[in-house]
Amino acid sequence: MADTTNQTTIIGADTHIKGEMSFDNTAKLLGTFEGQISAKGELQVAEGAKCKASVEASRVSVDGMVEGNIVARERVALNANAAMKGDLTAAKLVVAEGAVFVGHCKVGPDAAKGASAGGMQTAEAKPTATKGEPARS
Amino acid sequence: MAKGGTLREVQCYHCGAQFEISARAMTVSCPKCYKKLLVEDVVIKAAQGVTKLQTCGKIIIEKKGRVTATLVEAHQGLEVHGILESKVLCGGPVVIGDKGRWKGDCRAPSVEIAPGARITSGYFEIAPANQSDRFGLSALPGPHNKPIAHPDPPPNPPPDPPHAPPHENSAP
């Protein structure tokens, strides 16, 4: 039996998926995904990829575009080219300079406990910014 | 105008007017609204409870610093290595250090969050000035983020003609 613990599932740049996806190890999204992702391992959203989904995973690394809520049990990394719109809950968050992020944010060891991406309100349901100042939550 | 010194551009955090001041100036008055402006960097080393903390420069909250306010506005940037509880409007980069603790909303062109930082709650709007339109965000304050966030009110519309015909879709 082949060892699958270090395998990475790659969703190619010309792939468009709608629906639910779950995986145990690592998945790298190069194309487009719409729906719901739940993972025990890591989700990598590559540069140029689009992910319109609520994501639950241990680790999430974003270089592309994500629209939806993310709950990460361990770590979320928004790299310099990342653009994210949605709520974010993670034990650890790393945001590089240049990343775009619009949404509610909870970070800390206790933040991810008991949170689920589907249970959070979507970014659209939250108050939007008024002119020149952040929205009041 | 300063004699032979270098100039820097600042934006009034009361009315939004942009103007140049001497690079060495610490406080100035806005030439448009005449209100006093703090333009130097602010370093917080201990606990401070204030209503508003505003500067045209940068705010640095050190490890033992704590700011509890309703609004923190820094046009050049903000560094949090201690505790911050406030709504934040920042024209420069926001840096939350690994020991930083954050509670409150934030609007800034960029943010750097180090692993270990804790964000209790907050609505974040982080987008560089050139991408803010893409996310439906208005311009941020600060000299690097034009256009000005507080535009002048539009001129009054011309009065209607005295005997204008009724609109076709108007209610009877």
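Note on region B:1-40: dipole from Cβ charges, positive end direction compared against B:PRO31, B:ILE21, B:THR6; the farthest Cα belongs to B:PRO31.
Pairs to check: A:LYS18/A:LYS50; A:LYS40/A:LYS106; A:LYS40/B:LYS99. Give those whose C-alpha atoms are more than 23 Å from each other in this structure.
Flagged as over cut-off: A:LYS40/B:LYS99.
Annotation: amide H of B:GLY77 within the under-5 Å range of B:ILE59, B:GLY91, B:GLY92, sequence separation 5 or more or interchain, hydrogens built in the peptide plane. The mean number of Cβ atoms from other chains found within 10 Å of a Cβ in peptide A:86-93 is 3, as a whole number. Here the Karplus relation 6.51 cos²θ - 1.76 cosθ + 1.60, evaluated at θ = phi - 60°, turns the backbone of region B:9-19 into coupling constants of 8, 10, 10, 5, 7, 9, 10, x, 5, 10, 7 Hz, with x for every Gly and Pro.
A cut-off of 5 Å between modelled amide H atoms, ignoring neighbours fewer than 5 places along the same chain, links B:ASP41 with B:LYS58. Taking each of A:LYS92/B:LYS45; A:LYS113/B:LYS52; A:LYS28/A:LYS52; A:LYS28/B:LYS103; A:LYS28/A:LYS85 in turn, the alpha-carbon distance tops 22 angstrom for A:LYS92/B:LYS45; A:LYS113/B:LYS52; A:LYS28/B:LYS103.
The 3J(HN,Hα) values that the Karplus relation (6.51, -1.76, 1.60; θ = phi - 60°) gives for region A:73-89 are, in residue order, 5, 10, 8, 10, 10, 9, 7, 4, 9, 6, 9, 10, 10, x, 8, 9, 10 Hz. Gly and Pro appear as x.
Bear in mind these aren't lab numbers, they're just calculated from the coordinates by the rules spelled out. Keep in mind that what you see is a predicted model, and the values were worked out from it rather than measured. Positions of Cβ are backbone-derived with ideal geometry, glycine not excepted, and every protein chain shown enters the neighbour counts.
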